[in-house]
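All remarks here apply to the structure that follows.
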Amino acid sequence: MADRVTVIGWDGSPPTEAARSALAAATLVAGAAHHLALPEVPPRAERIRLGSVALAARRIAGHRGTAVVLADGDPGFFGVVRTLRAPQYGLEVEVVPAVSAVAQAFARAGMPWDDAQVVVAHRRTLRRAVNVCRAHPKVAVLTSPGAGPAELGLLLEGVHRTFVICEELGTDREQVTVVTSDKAADHTWRDPNVVIVIGGPVTVGAPENGGWLAGGDPDTGPRGWALPAAEYAGPFNEGESEQLRAAQLARLGPRAGDLVWDIGCGSGAFTAEAARFGAAVIAVDRDADACARTLATARRFGVQAQIVHGTAPHVLEDLPEPDVVRVGGGGAAVVSAVADRRPARIVTHAATRDAAELVGRDLSEHGYDVECALLQSVELDTRAWTEKERTVGFLLSGHLPVRHP
């Protein structure tokens, strides 16, 4: 096992005294090609081109001597330290940090970043990273080959964002470019790069002198969920109530990185509340007034939402793949079209048992595990404790077992 492992962050500035000392004593140095070309790397040290960090960790664990790992930016921030510290390697790691690529990018842009979301985009996480960009007004994306500015721009179709693209930070080839998201695919971008994605309304209630939590306050809207109709821009869809909406939210469980479809968005109540959980939301309605109400609701609550005016199921064909879907209108035909797209979860409601059975059978035929419950809510006038309004409906939820819940 290596006698000592030092991880050195590199941000383009001259190495610190601690970094030079560790390199001078190194008998093995791992890093990218530009790291291994640094004059401070001892000529007699064994050199490992850093591709797979896990493979390098195994080599280091079997090395008798002193090892150094060079990594761009802060190696403890979405970097190699996590892998090297994994128990199976048994390595004791010392870290010499540097300025992270995200901090450098925001510095080049002259912007604060304590209120920004930070995501890593690989091929397997690209879609979820894009959904975070849909849902938040300021996001930094640490990209990778095949999941860079062009791919981000293509997947953000229909949503306007501004990209600040910072290429090869800390090197002589460093370049900062500002483009709109729809133009990002028109260029070839050099790796490594960081993309700052900006757009949409500023969160309601954001403090002028900064917040208290990195990434922004998770919820600056009113306290509570499934709020009554008075909190929104218009009436609910017929047959719906805040109690039904609470159950729908509970069954879907929208979260950061998800894309939610809200079909038949009505007042925008479900759209706003799903977005408050950090999910990206596409709200669909055939009624232009409902689309306007939903947009007003989203703005009032300071959340992002893409509004699509059109009739389901036809309008759904060109929408990006959803993770979870609420069908607020359209019946069995729309539910069937949604199930064809294979989201992890679908919720809807029906006014009659026959309608509920029809939808439930269709979901089962598509491979979903189906739950159905008859929900009754009674609103009382608490001054006289008399009944004001009664709502009865069937809540249906489908869970696709083969997908992650």
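The dipole here belongs to the chain: it is taken about the Cα centre, uses +1 on the Cβ of Lys and Arg and -1 on the Cβ of Asp and Glu, and is about 1080 debye.
At a 1.4 Å probe, what is the % contribution of carbon and sulfur to the accessible area of the stretch 1-126? Reported share for carbon and sulfur atoms: 53 percent.
Ligands, DNA and RNA left out, the accessible area of the stretch 229-298 computed with a 1.4 Å probe is 50% carbon and sulfur.
Its Cα gyration tensor gives the stretch 20-124 an equivalent ellipsoid. The semi-axes, each the square root of 5 times an eigenvalue, are 27, 17, 12 Å from largest down. Round to the nearest 10 and give me the degree value, 0 to 90, for the angle of helix 288-301's Cα axis relative to the longest principal axis of the chain. Compared with the principal axis, the helix lies near 50 degrees.
Across the chain, the fraction of Cα-Cα pairs farther apart than 27 Å, rounded to a whole number, is 59%.
For the stretch 239-323, the normalised intensity computed at q = 0.24, 0.25 Å⁻¹ comes to -1.24, -1.32 (log10 of I(q)/I(0), Debye sum over alpha carbons, equal scatterers, no solvent).
Against the chain, whose longest principal axis is taken from its Cα atoms, helix 242-252 shows a tilt of about 40°. Name the residue from Ala226, Val176, His122 whose Cα lies farthest towards the positive end of the charge dipole of the chain, charges +1 on Cβ of Lys and Arg and -1 on Cβ of Asp and Glu. It is His122, whose Cα lies furthest towards the positive end. For the chain, find the longest principal axis of its Cα atoms and tell me its angle to the long axis of helix 331-340, 0 to 90°, nearest 10. The two axes meet at around 20 degrees. Per residue, the chain exposes 49 Å² of accessible surface when a 1.4 Å probe is rolled over the protein heavy atoms with every protein chain present. A Cα-only calculation for the stretch 98-195 places Rg and Dmax at 12.2, 37 Å. Summing Cβ point charges (Lys, Arg +1; Asp, Glu -1) relative to the Cα centre of the stretch 126-187 gives a dipole of roughly 380 debye. Peptide packing: for 158-167, 260-269, the average count of neighbouring Cβ atoms within 10 Å per residue gives the ranking 260-269, 158-167, highest mean first. In the chain, with Lys and Arg counted as +1 and Asp and Glu as -1 at Cβ, which of these residues, Val141, Ala272, Val327, has the Cα nearest the positive end of the dipole, that is, farthest along it? Selected residue: Val141. Relative protection proxy for 128-138, 330-340, from highest mean packing down: 128-138, 330-340 (other beta-carbon atoms within 10 angstrom).
The values are calculated or read from the model by the stated rules, or taken from the named source; none is laboratory data. Predicted, not measured: the structure shown is a model, and the values here were computed from it. No Cβ is skipped: glycine too gets one built from the backbone with ideal geometry, and neighbour counts run over all protein chains shown. Ligands, DNA and RNA are excluded from the accessible area calculation, which covers all protein heavy atoms including side chains. Shrake-Rupley method; radii C 1.70, N 1.55, O 1.52, S 1.80 Å.
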